[in-house]
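These notes are about the structure you will find just below.
The values are calculated or read from the model by the stated rules, or taken from the named source; none is laboratory data. In this text, all values refer to a predicted model and were calculated from it rather than measured experimentally. Counting neighbours? That spans all protein chains shown, and the Cβs are built from the backbone with ideal geometry, glycine included. Ligands, DNA and RNA are stripped out before the accessible areas are found, and what is left, the full protein with its side chains, is counted by its heavy atoms. Shrake-Rupley method; radii C 1.70, N 1.55, O 1.52, S 1.80 Å.
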Amino acid sequence: MSNDPIFKNALSIGVATAVYAVSFGVLSVAAGFSVLQTCVMSVFCFTGASQLTFVSVIAAGGGVAGALPPALLLAGRNALYALSLKGVLTGSVPKRALRAQVVVDETTAMAHAQPTLAAKRRAFDLTAVCLFTAWNIGTLVGAVAGSGLGNPRDYGLDAVFPAVFLALLAPQLRGPDTIRAAVAGALIALALVPIAPAGVPIIASALAAVPLLLAAGRRRGRVAVRQATEVGR
């Protein structure tokens, strides 16, 4: 097992995730959630970006109605991942449902990196076990530690939420189209922050980016058609 690259990579992902989970646990308690609520969220939600989005909106003074839509918007990408893993997520209905619970960035990437279907399934399952275990243990440790910190503002934890968002956003800024969409969304969010309830600027900024991305898709489609026409001449 020690020389198994799939196992070593899955374990490495789990260790890195545990550190991230400790941060989430601390931030969730700082946002006003109890240790139990924080841990239940990690067990049943299990998608870090959505969880951080949800607690950050609550921490900013928003309600569930403002926190849930942006969290669901981020979680929606996992449905697309599931479609790409159709051949991997097989078996009985309970087994498929269990695997669907752990369709996230890391499990998807590990599965697609393997050359054979058997290796894809094994990579997915090993990564899922390491990831789920590490995320929930890390959440518990962070929540328990965070519950004894007192006022989070005394430690500057209120500044961690926007920093985490920037860290999540940075890897997605690939190419001019995504950068333009991000800038447009940021400008709308900044304009709405002083006047809109917490959570609404995030939703509005995401919706504002959609037309730009659709336009970019149409532009790439026209380029592909033009190239195909030139080849056919």
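Report, to the nearest whole %, how much of the accessible area of region 1-126 belongs to carbon and sulfur atoms, 1.4 Å probe, protein only.
So the carbon and sulfur contribution to the accessible surface is 71 percent.
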Just grab the label-to-label distance for residue 113 and residue 86, each label 7 Å out from Cα along the Cβ direction, in nm (one decimal). 2.6 nm
Simple spin-label model, 7 Å along Cα-to-Cβ: residue 65 to residue 34 in nm? 2.6 nm
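Considering the convex hull of the alpha carbon atoms of region 37-158, report its projected area averaged over all viewing directions, in nm², one decimal. Before the final figure, lay out each step's value.
Numbers: hull surface 34.1 nm².
Here the figure is 8.5 nm², rounded to one decimal.
Consider all pairwise Cα distances in region 1-100 and report the whole-number % of them above 17 Å. Could you put the intermediate results ahead of the total?
On the way: 3128 of 4950 pairs.
Roughly 63 percent, once rounded to a whole number.
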